[in-house]
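Undergrad: Have a look at this one.
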Amino acid sequence: MPVSRRSAGLAIAAAIALPAVSRAQEGISPGQILIGQTISLQGGKNDYAAAVLAGIQAYFQSANQRGGVHGHTIVLKTLDDDAKPALAQANARQLVTQDKVFLLFGSIEGGPSTAVMTVAVEDQVPFFGPMAGSPGFRRPHQRMVFPVRAEHREEFRALLDYAKKTGATRPAFVRSDSETGVQHLENFKRLCSELGMQPPLDLPFKSDITDEQIAKMAAQIGAANIQVVINHGSSGMYERLIRQARATGVHAMFSAVNSGSSQMAHHLGELARGMVFSQVVPSPWEGKSAITREYQQVFAREKPGQEFSYGSLEGFLTAKALVAALRLPANRLTRESFVAALEASPGLELSDRLRAVYKPGDHTGLTAVDLAIVTNDLKFRH
């Protein structure tokens, strides 16, 4: 459900096992733990963000129904950053300084999530579960940042390796015209070199890219005889590019990272057939893994009528990781004890073969990446 920046208070009670609180800690009261989130809902226009938030809500609501410990609940305050880094940073600052949240949680998109990280590092507030693949979350090491999902570098590696095996050697890379986008480009170039592929055609774009500019980008892809195009996010813009390219006879293979893949394929319809997406969670429709079976059961109960998707499964998994992390401190829960307990633990066991690992100097999280192809009947096959 869309949440405006100012109306803001999405309160979700979620029962968690929590050490007794003996002294005041920002974001913690005798009855609750306050978590702050800024996410790119874009006033209800971002289907992927809505799906992520629904998955988060489903897990927290289910945890609450299990009874809780010591009467503590999670209250999630959500603000809409409209996919704008400056607004995401302002939202994060408000959540920390005015709303006094315990930690920051669950942003999406690289630019906004990186802006939230800036606030977390400056104010020494944990930032848990950014659902973006930016390299800056892990390098250089940031003690207050705890990514859960794998980073985009591993997704690029899987997509380029697949493309190489199909005979593609001339890649293009669609990326944001930003510092984060440049970091992704450098990783992409290195991977192309390692795989013996040609240097990529660099296609940067601003958030306000026009249809005319997208048409020029599509023409560049055709003129360079590009064989595979890979993006690093911004599914709405990428969808527009694919439509324009196909309308003008560009035959390159378009592959994409996980962000918004369910929604992108749905919007593209027949144009999505044969597209290959990297995924950082298992298939949300199959029941092959324990986390998917748990998600399907809980999500169907808590969000009846809403479709399964990669976004809601990632939100569900990230919320589960947060609850598991909050349970770790043996004594009083503080920001410092939260960080210390995560770094001292062997990892968060989220499911079979899914362990998020955080060590001093290395907050890896998960590394799992899979590939899924869109079939002729517009379903994802892993």
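The values are calculated or read from the model by the stated rules, or taken from the named source; none is laboratory data. This one's a predicted model, so the numbers in the text were calculated from it and none came from an experiment. No Cβ is skipped: glycine too gets one built from the backbone with ideal geometry, and neighbour counts run over all protein chains shown. These accessible areas exclude ligands, DNA and RNA; they are computed on the full protein's heavy atoms, side chains included. Shrake-Rupley method; radii C 1.70, N 1.55, O 1.52, S 1.80 Å.
Undergrad: Scanning segment 295-312 for residues that are touching a residue at least 60 places away in the same chain (Cβ under 8 Å) and not in a helix (DSSP H, G or I), which turns out surrounded by the fewest Cβ atoms within 10 Å (Cβ to Cβ)?
TA: Restricting to residues being touching a residue at least 60 places away in the same chain (Cβ under 8 Å) and not in a helix (DSSP H, G or I), the top hit is Gln306.
Undergrad: Still on this structure, please answer the following. Run down Gly133, Gly129 and say which single residue is closer than 16 Å to Val323 by Cα, open to solvent by less than 40 Å² (accessible area, probe 1.4 Å), small (Gly, Ala, Ser) and within 16 Å of the chain's Cα centre (by Cα). Don't jump to the end; show me each part of the working.
TA: On the way: Gly133 fails: closer than 16 Å to Val323 by Cα.
Criteria check complete, one pass: Gly129.
Undergrad: Which residues, counting only those in segment 343-360, are over 16 Å from Arg143 (Cα atoms) and part of a strand (DSSP E or B)?
TA: Matches in segment 343-360: Leu348, Glu349, Leu350, Ser351, Leu354, Arg355.
Undergrad: So, in segment 351-365, of the ones that are modelled with pLDDT under 95 and open to solvent by less than 30 Å² (accessible area, probe 1.4 Å), which residue ends up farthest from Ser289 (Cα to Cα)?
TA: If we take residues in segment 351-365 being modelled with pLDDT under 95 and open to solvent by less than 30 Å² (accessible area, probe 1.4 Å), then Leu354 is farthest from Ser289 (Cα to Cα).
Undergrad: If I ask for residues that are of a type in the set (A, V, I, L, M, F, W, C), open to solvent by 40 Å² or more (accessible area, probe 1.4 Å) and touching a helix residue (DSSP H, G or I) at 6+ places or on another chain (Cβ under 8 Å), which ones from segment 182-200 would you list?
TA: The one that is of a type in the set (A, V, I, L, M, F, W, C), open to solvent by 40 Å² or more (accessible area, probe 1.4 Å) and touching a helix residue (DSSP H, G or I) at 6+ places or on another chain (Cβ under 8 Å): Leu195.
Undergrad: Moving on to the next point. Could you please find all residues in segment 77-126 being in contact with a Phe, Trp or Tyr (Cβ under 6 Å, 6 or more places away or on another chain) and among the small types (Gly, Ala, Ser)?
TA: Result: Ala120, single match.
Undergrad: Moving to a separate point now. Can you spot a residue in segment 162-169 that is in contact with a His (Cβ under 9 Å, 6 or more places away or on another chain), of a type in the set (Gly, Ala, Ser), in a helix (DSSP H, G or I) and surrounded by 15 or more Cβ atoms within 10 Å (Cβ to Cβ)?
TA: no
Undergrad: Among the residues of segment 164-187, write down those that are over 21 Å from Gln244 (Cβ atoms), modelled with pLDDT of 95 or more and of a type in the set (A, V, I, L, M).
TA: Leu185, the sole residue that qualifies.
Undergrad: What are the residues in segment 366-382 that are open to solvent by less than 30 Å² (accessible area, probe 1.4 Å), β-branched (Val, Ile, Thr) and not in a loop (DSSP other than H, G, I, E, B), if any?
TA: Val374
Undergrad: Would you be able to say whether some residue in segment 285-303 is among the small types (Gly, Ala, Ser) and on the phi > 0 side of the Ramachandran plot?
TA: No, that holds for no residue.
Undergrad: Between a first residue in segment 371-382 that is more than 25 Å from Arg153 (Cα to Cα) and a second residue that is in a loop (DSSP other than H, G, I, E, B), which pairs have beta carbons less than 6 Å apart while being 6 or more apart in sequence or on different chains?
TA: Matching pairs, first to second residue: Asn376/Arg273.
Undergrad: Going by what's in this entry, would Thr292 be described as in contact with a Phe, Trp or Tyr (Cβ under 9 Å, 6 or more places away or on another chain), surrounded by 19 or more Cβ atoms within 10 Å (Cβ to Cβ), of a type in the set (S, T, N, Q) and free of Cβ contacts under 8 Å to residues at least 60 places away in the same chain?
TA: Values: in contact with a Phe, Trp or Tyr (Cβ under 9 Å, 6 or more places away or on another chain): yes; surrounded by 19 or more Cβ atoms within 10 Å (Cβ to Cβ): yes; of a type in the set (S, T, N, Q): yes; free of Cβ contacts under 8 Å to residues at least 60 places away in the same chain: yes.
Yes.
Undergrad: So, restricting to helices (runs of 4 or more DSSP H) that lie completely within segment 188-271, which ones have at least 1 residues that are touching a Ser or Thr at 6+ places or on another chain (Cβ under 9 Å), at pLDDT 95 or above and small (Gly, Ala, Ser)? Lay out the reasoning, then the answer.
TA: Working: elements: 211-223, 235-247, 261-268.
Result: 211-223.
Undergrad: Something else: Of everything in segment 328-342 that's of a type outside the set (A, V, I, L, M) and assigned to a loop (DSSP other than H, G, I, E, B), which residue is surrounded by the fewest Cβ atoms within 10 Å (Cβ to Cβ)?
TA: This residue is Asn331.
Undergrad: Let me ask something else. Just give me the residues in segment 144-161 being part of a loop (DSSP other than H, G, I, E, B) and touching a His at 6+ places or on another chain (Cβ under 8 Å), in sequence order.
TA: Within segment 144-161, the subset part of a loop (DSSP other than H, G, I, E, B) is 144, 147-151.
Residue satisfying the conditions is Pro147 alone.
Undergrad: Taking segment 53-106 on its own, how many of its residues are free of Cβ contacts under 8 Å to residues at least 24 places away in the same chain, open to solvent by 50 Å² or more (accessible area, probe 1.4 Å) and not in a loop (DSSP other than H, G, I, E, B)?
TA: Adding up the residues that qualify gives 0.
Undergrad: Can you tell me which residue among Ser234, Ser255, Ser207 is open to solvent by 50 Å² or more (accessible area, probe 1.4 Å), closer than 24 Å to Pro135 by Cα and among the hydroxyl-bearing types (Ser, Thr, Tyr)?
TA: On the way: Ser234 fails: open to solvent by 50 Å² or more (accessible area, probe 1.4 Å); Ser255 fails: open to solvent by 50 Å² or more (accessible area, probe 1.4 Å).
Result of the check over Ser234, Ser255, Ser207: Ser207.
Undergrad: Would you mind stating whether Pro304 is more than 15 Å from Pro126 (Cβ to Cβ) and modelled with pLDDT under 95?
TA: Taking the combined requirement at face value, the residue does not satisfy it.
Undergrad: Kindly list the number of the only condition in (1) open to solvent by less than 10 Å² (accessible area, probe 1.4 Å); (2) in contact with a Phe, Trp or Tyr (Cβ under 7 Å, 6 or more places away or on another chain); (3) outside any helix (DSSP H, G or I) that fails for Trp285.
TA: (1)
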